[in-house]
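Reading through the structure tokens given below for one structure.
The values are calculated or read from the model by the stated rules, or taken from the named source; none is laboratory data. Source: prediction; values computed, not measured. Cβ atoms come from the backbone with ideal geometry, glycine included; neighbour counts cover every protein chain shown. With ligands, DNA and RNA removed, areas are computed over all heavy atoms of the protein, side chains included. Shrake-Rupley method; radii C 1.70, N 1.55, O 1.52, S 1.80 Å.
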Number of protein chains: 2
Amino acid sequence: MTPRRERRYRDALVAALRAGYAVFENGGSSMDAVVAAVVVLEDTPLFNAGRGAVFNAAGEHELDAAVMDGATGRAGGVAAVKRVKNPVLAARAVMELTPHVLLAGAAADRFARDAGVPMVAPNYFSTRARARALVRARARSRASAAELHGTVGAVALDGCGNLAAATSTGGYTNKMAGRVGDSPLVGAGLYADNATCAVSATGHGESFIRAVLAHDVVARMRYRGETLALAAGRALDRIVALGAEGGLIAVDRAGHVAMPFVSEGMYRGHARGGRYTVAIHR
Amino acid sequence: MTPRRERRYRDALVAALRAGYAVFENGGSSMDAVVAAVVVLEDTPLFNAGRGAVFNAAGEHELDAAVMDGATGRAGGVAAVKRVKNPVLAARAVMELTPHVLLAGAAADRFARDAGVPMVAPNYFSTRARARALVRARARSRASAAELHGTVGAVALDGCGNLAAATSTGGYTNKMAGRVGDSPLVGAGLYADNATCAVSATGHGESFIRAVLAHDVVARMRYRGETLALAAGRALDRIVALGAEGGLIAVDRAGHVAMPFVSEGMYRGHARGGRYTVAIHR
């Protein structure tokens, strides 16, 4: 990675943190904040979510996203949508406008359109870098770390003590059509519970589903009284045991932040009291 | 329910148990057994899975199913498939033939067809009773208990100490097109882990997703050392706290069976040493 490229990633992370923090300055909730931050990351072509999402094996983009509200335990998600500009907004609409938690496929696109969520043509998501990645992926068998870790997410704690989590992703390059990863799945890719913490995960989705990663962090805090840092680290140990890579961002009810990862690096950052910190490498 | 109707349910439960048990007599695994039992329940028009599945709001059938292998932690699922005769077979094919855990929508149907799983026309699933239920559901707002609890599932422990779980469902009458419930979601509708137990759940899917019900049972055993019976009961307490109904079937590594429910009744049964026990009411 060149210094110029690294600067672009850092700027994008700060922009997302600013968007989330601005919500708080305007009296918004943690749910408002995580959605605002994820929208910025979706709109940035650098990350594998929204614009800049990877191509699947059919040469298409299929996007997953979810939100969870730690105050109410309510959640919403969409899987394999193809035309929603900001999948995280469709996920929030599922939570707020339907009795359901997850909608998938073409019906999820139709729901989002009917709910007034902005729609785009499928090629809106396409970038030259991701098209080249598909060509490379078709010539080998495993996805590269850069593709696995482009999933975006946000967690937040607001002044009322409410936690929230959000995720958004394009999955990974050359995934099968119809593949759903951990990102839209409550318990796997995200969880939020005011009594413990909010978690948003990124990495090899199938392993995160099998480990029920986000809920494992919560369960360790709830049932063993582990700290957030310990619970997050131990939960990721299971990912390592499955031979996979990834990481997570989390904040607990007391405001402690944990951002562990078992991979070369993870684009990450946090904001507190108007101060922004971002990092990429260890 | 008339005595004749109750007899039909009891006969179907025994047939499923016999199919599962026959697998063991022929040296099969717990995975083979749960799939064999669920196939029988899918083929029976009495239950809300496979033939006899409910209609969604679009007047169609969209089916969800999953399997999980407690020995390896591998899992497979399909969501919102429309043409797979036995969704549990498609779920197993996802586990065995792909690098993925979950496939959704039309692409999942295409995968199943390519994998050699038997396909049917969508009206194969239709029954007069479910069509009438849709008409009734459209005239009110909430699904009835009978529709919520028609989901089928199986858990098993084999002679090698391997646990397995399976689920299959049509969702609930008048659900939105594209809605994915807990049944195909690892951690929510099912979980299997040789170190603790295998769980298969039925009930109000959205609540089971938010509670990450099946993994909650496992986490309580793993992190608090609760017995299966205690963990299963406490996990269902969360469902009650969410204002929902449902139940689960589970077996632990030592062969203890728990089948608690928080609803009027639950079609259930178990087989051990060639003896079959079935029940419907408390």
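Quick check: is even one residue across the range B:48-60 open to solvent by 10 Å² or more (accessible area, probe 1.4 Å) and not in a loop (DSSP other than H, G, I, E, B)?
No, the conditions are met nowhere in the range B:48-60.
Here is a yes/no grid of residues against (1) in contact with a Cys (Cβ under 9 Å, 6 or more places away or on another chain); (2) among the charged types (D, E, K, R):
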| site | (1), (2) |
| --- | --- |
| A:Lys175 | no, yes |
| A:Gly178 | no, no |
| A:Leu190 | no, no |
| A:Val212 | no, no |
| A:Met221 | yes, no |
| A:Glu226 | no, yes |
| A:Ala229 | no, no |
| A:Leu236 | no, no |
- Message: Among the residues of the range A:222-252, what is the count of those that are over 21 Å from A:Ser30 (Cα atoms), assigned to a helix (DSSP H, G or I) and not small (Gly, Ala, Ser)?
- Response: 10
- Query: Out of (1) facing chain A (nearest Cβ under 9 Å); (2) open to solvent by less than 10 Å² (accessible area, probe 1.4 Å); (3) in contact (Cβ under 8 Å) with a residue 60 or more places away in the chain; (4) not small (Gly, Ala, Ser), the odd one out for B:Met176 is which?
  - Reply: (2)
- Message: Checking the structure you have, find out if any residue of the range A:197-213 is aliphatic (A, V, I, L, M), open to solvent by less than 20 Å² (accessible area, probe 1.4 Å) and more than 26 Å from B:Leu103 (Cβ to Cβ).
- Response: yes
- Item | Members of the range B:70-119 that are within 16 Å of the chain's Cα centre (by Cα), closer than 16 Å to B:Ala164 by Cα and among the β-branched types (Val, Ile, Thr) | B:Val88
- Determine whether the range A:100-110 contains at least one residue that is touching a residue at least 60 places away in the same chain (Cβ under 8 Å), more than 22 Å from A:Asn174 (Cβ to Cβ), open to solvent by 10 Å² or more (accessible area, probe 1.4 Å) and not aliphatic (A, V, I, L, M). no
- Query: For the range A:179-192, what are the residues that are in a loop (DSSP other than H, G, I, E, B), at the interface with chain B (Cβ under 10 Å from one of its Cβ atoms) and closer than 23 Å to A:Ala229 by Cβ?
  - Reply: A:Asp182, A:Gly187, A:Ala188
- Item | Cβ-Cβ under 9 Å pairs, at least 6 apart or on other chains, the range B:1-18 side under 25 Å from B:Ala166 (Cβ atoms), far side surrounded by fewer than 16 Cβ atoms within 10 Å (Cβ to Cβ) | B:Glu6/B:Ile280; B:Tyr9/B:Met1; B:Tyr9/B:Ile280; B:Arg10/B:Ala279; B:Arg10/B:Ile280; B:Leu13/B:Ala279; B:Leu13/B:Ile280; B:Leu17/B:Thr277
- Note on the structure: Picked from the range B:79-112 (must be assigned to a loop (DSSP other than H, G, I, E, B) and among the charged types (D, E, K, R)), the residue farthest from the other protein chains (Cβ to nearest Cβ) is B:Lys85
- Task: Check whether at least one residue in the range B:62-78 is more than 9 Å from chain A (Cβ to nearest Cβ), touching a residue at least 12 places away in the same chain (Cβ under 8 Å), assigned to a loop (DSSP other than H, G, I, E, B) and not basic (Lys, Arg), and report yes or no.
- Result: yes
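Based on what the data block shows, is A:Arg253 under 12 Å from the mean Cα position of the chain (by Cα), among the basic types (Lys, Arg) and open to solvent by 20 Å² or more (accessible area, probe 1.4 Å)?
In short, no.
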- Query: With respect to B:Ala166, is the statement that it is closer than 26 Å to A:Gly181 by Cα, more than 10 Å from chain A (Cβ to nearest Cβ) and at pLDDT 95 or above true?
  - Reply: yes
